[in-house]
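First up is the structure itself, then whatever we jot down about it.
The values are calculated or read from the model by the stated rules, or taken from the named source; none is laboratory data. The model shown is predicted, which means the values in this text are computed figures rather than measured ones. Here the Cβ positions follow ideal geometry from the backbone for every residue, glycine too, while neighbour counts run over all protein chains shown. Just so you know, the surface numbers come from the protein's heavy atoms only, side chains and all, with ligands and any DNA or RNA stripped out. Shrake-Rupley method; radii C 1.70, N 1.55, O 1.52, S 1.80 Å.
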Amino acid sequence: ARAIVLEPEVLLLDEPLSNLDAKLRRHVREEIRQIQQRLGLTAVYVTHDQVEAMTLADKIVVLRAGRVEQVGRPLELYHNPDNKFVAGFIGSPKMNFLAGELLEIGEQECVVKLTSGDTVRARVDARSGAVGDKVELGIRPEHLVPLDHAHADSKVSGVVQVAEHLGAESFVYMDVDGHDFTVKASSDVDVATGQEYSVGIPAEACYLFDAKEQAFPRTARYIRT
């Protein structure tokens, strides 16, 4: 309030909500956004919380070790991250990553063979790579679908570690070939610890990163229905 009354050209906020509990943090976050829009303030807001960044920002600057990794609007970074670091930072729960290699390469699509032996079809332009190159496949927990879903172009299987049933939705945490893997599922998903569980992967929902963790261009954007 003392800063705003001076009508500054730029308002600097350095993690102002870090000491608040979750409920109060959400409320104050909404208040800050409303005040900023109503007064037309230019604000630079520093945070380690990607939810705050996504909900408050018109433009996000992602920094790592003092280096700018990517600049863009929140949904630009969500749909088209430049590298694995940005992909893993933007989104909650964070993106899943699975190691593999390029098996087939096309103009609009490629096929990745995972270390588990499964193959995944991805709507990604990987022509800057070569067959046999080591890559990492990225898939967001909220984009995974049941095996009988119309967009289940590929599948991945793992062993359930924990299942959290939250009422409106469930989160299933699995081990997939030694990788932690999270699935955002419907509220009525019926799984138990130790059970093998398989989910579908839409080709349009895949991200792909090379050995230097740089993203290959996506050729489609998946909208879950």
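Brief remarks follow.
- Within this structure, residue 24 fails the test of being modelled with pLDDT of 90 or more and assigned to a strand (DSSP E or B).
- Residue list for the range 21-46, restricted to those being among the hydroxyl-bearing types (Ser, Thr, Tyr) and either crowded, with 17+ Cβ neighbours inside 10 Å or without any contact (Cβ under 8 Å) to a residue 12 or more places away in the chain (or both): 45
- Residue selected from the range 81-108 under the condition at pLDDT below 95 and over 12 Å from residue 50 (Cα atoms), by the criterion surrounded by the most Cβ atoms within 10 Å (Cβ to Cβ): 106
- Members of the range 50-89 found to be in a loop (DSSP other than H, G, I, E, B), in contact with an Asp or Glu (Cβ under 8 Å, 6 or more places away or on another chain) and either among the hydroxyl-bearing types (Ser, Thr, Tyr) or without any contact (Cβ under 8 Å) to a residue 60 or more places away in the chain (or both), listed by number: 73
- Filter result for residue 181 (aromatic (Phe, Trp, Tyr), out of contact with any Gly (no Cβ under 6 Å at 6 or more places or on another chain) and either over 20 Å from residue 218 (Cβ atoms) or open to solvent by 10 Å² or more (accessible area, probe 1.4 Å) (or both)): no
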